[in-house]
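Enquirer: Below are the structure tokens for one structure; questions will follow.
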Amino acid sequence: QYASCPFSSALIRDCLERGKDAANGGARYNFVYPCFPGFVNVIDSLAAVKQAVYEEKTLTLAETYTMIAENFRDYEKERLYLLNRCAKFGNDLPEADAIAYDFYRFIYDELSRYKTCLGGTFHPSYFAWVMHGHFGKNSAATPDGRLAGTALSECLGAAQGRDRNGPTAVMRSISPIDQSLSIGGIATNFRFTKSLLAGKAGQAALASFIRAFFAGGNFECQFNAVSQKDLLDAQKNPENYQSLQVRVAGYSDYFVNLDPVIQNEVIMRTEHDAM
């Protein structure tokens, strides 16, 4: 009755033999793949609290709570400290990466305790389609320096604009993660300048990067090669960019059709000019 899928059910032998929709238990496999937009925001927030409150003692927990509740109003200096001075995942920094590995395993272990109403199992996924924008609109500020109403992190990798040590550092951060535990799917976004990918040399560099990515045991990499100038102009003059496509988080879409929150999220991603 709810969320039925008659077309795909017609292509599944079990559903045909049982006369049941896949959503009603017709298929023998009933996996559910919960997605975790904001996964990296949690990591970066925990790393920021650990560093700022417990190690450097720059802030107290009460002060941090107040700043978040006020969306950092009158606390821009402190927000920039949390955003730029505290360790961020995706930069090959052990202090942030260790938190990521623990949190990733915690999610898998917790999901493994439960079954679906059809007896299936839960398997995490780490790509958000556009959910990170919708959820971010209704989320408060976070201790990593993210402002209220802005997009959450979208994939497994550095949050938008925080991969400051280059794409290779992103790979080093995510490669130790056992990504076979997340058969719901994992994506990692990279954004490169057009000049970096130009010509045969650029193509060869990208091919080498992709081979290294998968040799590290990683699941999926996604690329954008659209300049900051073009993206900003597309926001102002969408009629001139009707055919401009970008990779979002697990899918591609026309940039001008995206919600402004998602557009800004894509623009915020670091544009790398070296691999």
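Enquirer: Which is touching a helix residue (DSSP H, G or I) at 6+ places or on another chain (Cβ under 8 Å), closer than 30 Å to residue 67 by Cα and crowded, with 19+ Cβ neighbours inside 10 Å, of 149, 157?
Expert: 157
Enquirer: Another question, if that's okay. Condition first: of a type in the set (S, T, N, Q), more than 14 Å from residue 153 (Cβ to Cβ) and modelled with pLDDT of 95 or more. Now tell me which residues in region 22-53 satisfy that.
Expert: 51
Enquirer: Further, regarding this structure: Kindly list, by first and then second residue, each pair from a residue in region 21-42 that is touching a residue at least 40 places away in the same chain (Cβ under 8 Å) to a residue that is assigned to a helix (DSSP H, G or I), limited to pairs with Cβ atoms under 6 Å and residues at least 6 apart or on different chains.
Expert: 37/131; 37/132; 37/135
Enquirer: Inside region 16-40, can you point out the residues that are under 30 Å from residue 161 (Cα atoms) and crowded, with 21+ Cβ neighbours inside 10 Å?
Expert: Correct list: 36, 37, 38, 39, 40.
Enquirer: When you go through 96, 27, 3 one by one, which is the residue that is closer than 26 Å to residue 131 by Cβ, under 28 Å from the mean Cα position of the chain (by Cα) and part of a loop (DSSP other than H, G, I, E, B)?
Expert: The conditions single out 3.
Enquirer: Now for a separate question. Would you be able to say whether some residue in region 50-71 is among the small types (Gly, Ala, Ser), surrounded by 13 or more Cβ atoms within 10 Å (Cβ to Cβ) and assigned to a loop (DSSP other than H, G, I, E, B)?
Expert: Looking through region 50-71, none of the residues is among the small types (Gly, Ala, Ser), surrounded by 13 or more Cβ atoms within 10 Å (Cβ to Cβ) and assigned to a loop (DSSP other than H, G, I, E, B).
Enquirer: Based on what the data block shows, is residue 95 in contact (Cβ under 8 Å) with a residue 12 or more places away in the chain and either surrounded by fewer than 18 Cβ atoms within 10 Å (Cβ to Cβ) or of a type outside the set (Val, Ile, Thr) (or both)?
Expert: yes
Enquirer: Also, I was wondering about something else. What pairs come up if the first residue lies in region 64-90 and is in contact (Cβ under 8 Å) with a residue 60 or more places away in the chain and closer than 26 Å to residue 157 by Cα, the second is assigned to a helix (DSSP H, G or I) and of a type in the set (A, V, I, L, M, F, W, C), and their beta carbons are under 6 Å apart, counting only those six or more places apart or on different chains?
Expert: Within 6 Å, the pairs are 82/48; 88/96; 89/40; 89/43; 89/96; 89/100; 90/170.
Enquirer: Out of everything in region 106-120 that is within 26 Å of the chain's Cα centre (by Cα) and among the small types (Gly, Ala, Ser), what residue ends up being modelled with the lowest pLDDT?
Expert: Taking the candidates together, the pick is 120.
Enquirer: Residue check, residue 128 against (1) within 16 Å of the chain's Cα centre (by Cα); (2) surrounded by fewer than 22 Cβ atoms within 10 Å (Cβ to Cβ); (3) over 21 Å from residue 84 (Cβ atoms), all met but one. Which one?
Expert: (2)
Enquirer: If I ask for residues that are in a helix (DSSP H, G or I) and either within 28 Å of residue 253 (Cα to Cα) or acidic (Asp, Glu) (or both), which ones from region 111-136 would you list?
Expert: 131, 132, 133, 134, 135, 136
Enquirer: Quick check, is residue 165 in contact with a helix residue (DSSP H, G or I) (Cβ under 8 Å, 6 or more places away or on another chain), surrounded by 14 or more Cβ atoms within 10 Å (Cβ to Cβ) and assigned to a loop (DSSP other than H, G, I, E, B)?
Expert: Criteria not met by residue 165.
Enquirer: Going through region 210-260 one residue at a time, which ones are part of a helix (DSSP H, G or I) and of a type in the set (Asp, Glu)?
Expert: Listed by number, the residues that qualify are 230, 233, 239.
Enquirer: Can you find even one residue in region 208-228 that is surrounded by 15 or more Cβ atoms within 10 Å (Cβ to Cβ) and over 26 Å from residue 39 (Cα atoms)?
Expert: No, region 208-228 has no match at all.
Enquirer: Only one of 153, 173 is touching a residue at least 60 places away in the same chain (Cβ under 8 Å), in a helix (DSSP H, G or I) and out of contact with any strand residue (DSSP E or B) (no Cβ under 6 Å at 6 or more places or on another chain). Can you tell me which?
Expert: Residue meeting the stated conditions: 173.
Enquirer: Next question. Provide a single number: the residues in region 176-197 that are part of a helix (DSSP H, G or I) and not aliphatic (A, V, I, L, M).
Expert: The number of residues fulfilling the criteria is 3.
The values are calculated or read from the model by the stated rules, or taken from the named source; none is laboratory data. Owing to the predicted nature of the structure, the values given are computational and were not obtained by experimental measurement. With ideal geometry, Cβ positions are generated from the backbone for all residues, glycine too; neighbour counts draw on all protein chains shown.
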